[in-house]
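**Student:** One structure, as structure tokens, below. Some questions next.
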Amino acid sequence: MNRLPAAVIIGGTVLAQAVGLLALRPLVEFKTGRPLTDPGGQAALLGMKLGGFDSLDTGRPAGWLPQALFLALSAVLGYAALRAAPDLRPRLRTVLALTAAVLLAAGAADLLRVALEPSVTSSPAERFERMGLDLGRVPAAPLAFALVTCWLAVPSYLLVWLMSRHRTVREVLASLGQRVDDAPRVPAASWRDRRDAVSAALLPVLLLGLLGGRLLQHGEVRRMDHTSVTFDPDLWRPYLPPPWIGRLAGVLYPALRLRPLRTETTAGWLATLGVFAVLLLLLAVGLGLIAARVDGLTLARLILECWGVTVLASLAAAAAEVWVFGPLTPIVWSHELSAFEVAGSRALRFGTVWGWAPGLALAGMTAVLRRRRYGT
């Protein structure tokens with residue numbers, strides 16, 4: 001897709017998101033008759049509270065900088081996703097890319113919100129380390145807002161495509177140098193090269209799974225001293241992990257873990273492996289589709305597409321944890337937050353922080369395969 005239709009579509013989408021940030025709160029308060037500070041007056045989506053992220057407070061950086069970052073990244077990443085489309089015809093790949101762009105923007109805004117939020121800890125680094133343990137007052141607010149607004153580009157996308165089918169509009173686009181026909185297809189890589197590239201791209205995720213989170217997110221634990229313990233006792237008795245693992249623990253999604261913790265029951269660990277298998281399967285499918293046309297992608301676009309696939313796969317794994325494996329291993333959370341608020345927020349942070357790694361590995365393996373293929 002060329003510049004003009006991409007700019008029109010994403011400009012309208014970001015404008016609608018900005019209006020939502022300004023108008024959603026008063027509309028919800030008017031409908032419910034309660035302020036959003038009242039838990040009973042908060043609107044919800046999939047069990048996640050919408051109040052919080054749409055509450056702009058220009059008097060402090062944490063009240064408006066995350067929202068500004070969300071809008072800016074939504075515009076940049078959404079425009080890049082549309083520019084990668086071969087033509088104006090709506091495609092599932094482009095719709096998923098637009099969704100991933102909005103979710104990635106929400107993940108970055110969430111990380112910035114946590115870093116700027118006042119806390120009892122003394123530094124942003126310490127807040128970063130505690131990110132996986134202390135989710136804040138409304139942890140899923142950026143995720144919920146992203147899920148509400150990620151579909152906004154689709155109607156504009158369809159409208160621009162339908163308009164482009166009109167002869168007059170096609171002539172205008174052609175006079176402006178806009179391509180309205182299909183772009184030439186890039187030859188697909190061989191199945192063997194795709195397999196090797198995807199295997200290399202999955203290695204960083206497997207290594208992160210071996211590290212795993214230090215926290216047991218579910219309640220399937222062994223009995224110790226006649227009480228049910230929901231945290232790994234290594235956190236408090238008698239062992240503490242090395243500092244470098246502690247620094248990463250805040251952005252390691254607890255359910256994406258290949259090693260059992262010693263308080264965990266066998267059923268709980270098997271359910272955790274099931275969640276990880278969902279992530280790997282979806283990630284492998286998405287990376288395989290990217291690897292099939294890797295020769296037509298620049299390095300930056302390759303990494304961005306793999307980043308988006310990682311975010312989508314992580315969020316799908318969180319959904320599987322809650323709605324597929326949830327009856328077997330219910331998530332334990334004591335602050336009246338829903339299971340998907342906890343799982344979805346942690347998965348979104350995981351995908352946002354580590355999504356570049358599969359893309360970088362895929363790019364490196366592709367370069368090796370290209371040298372092997374052409375002998376250069």
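**Student:** Is it true that residue 93 is crowded, with 18+ Cβ neighbours inside 10 Å, at pLDDT 80 or above and not hydrophobic (A, V, I, L, M, F, W, C)?
**Tutor:** Considered against the rule, which asks whether it is crowded, with 18+ Cβ neighbours inside 10 Å, at pLDDT 80 or above and not hydrophobic (A, V, I, L, M, F, W, C), residue 93 comes out as no.
**Student:** Somewhere in region 223-240, is a residue hydrophobic (A, V, I, L, M, F, W, C), at pLDDT 65 or above, in the same structural domain as residue 341 (by TED's automatic domain parsing) and not in a helix (DSSP H, G or I)?
**Tutor:** Within region 223-240, not a single residue is hydrophobic (A, V, I, L, M, F, W, C), at pLDDT 65 or above, in the same structural domain as residue 341 (by TED's automatic domain parsing) and not in a helix (DSSP H, G or I).
**Student:** Answer yes or no: is there a residue in region 70-82 that is polar (S, T, N, Q) and modelled with pLDDT under 90.
**Tutor:** no
**Student:** In the list 311, 324, 294, which residue meets the criterion of being surrounded by fewer than 21 Cβ atoms within 10 Å (Cβ to Cβ) and aliphatic (A, V, I, L, M)?
**Tutor:** The unique qualifying residue is 324.
**Student:** Restricting attention to region 345-361, which residues are within 17 Å of residue 302 (Cβ to Cβ) and buried (at least 24 other Cβ atoms within 10 Å of the Cβ)?
**Tutor:** 351, 355, 358, 359
**Student:** So is residue 351 at pLDDT 90 or above, farther than 17 Å from residue 146 by Cα, among the small types (Gly, Ala, Ser) and assigned by TED's automatic domain parsing to the domain that holds residue 256 or not? Talk me through it step by step, then tell me what you get.
**Tutor:** On the way: at pLDDT 90 or above: yes; farther than 17 Å from residue 146 by Cα: no; among the small types (Gly, Ala, Ser): yes; assigned by TED's automatic domain parsing to the domain that holds residue 256: yes.
So residue 351 does not fit the description; no.
**Student:** Listed residues 89, 93; which is under 25 Å from residue 293 (Cα atoms), of a type in the set (D, E, K, R) and under 19 Å from the mean Cα position of the chain (by Cα)?
**Tutor:** Matching residue, one of 89, 93: 93.
The values are calculated or read from the model by the stated rules, or taken from the named source; none is laboratory data. Owing to the predicted nature of the structure, the values given are computational and were not obtained by experimental measurement. Cβ atoms come from the backbone with ideal geometry, glycine included; neighbour counts cover every protein chain shown.
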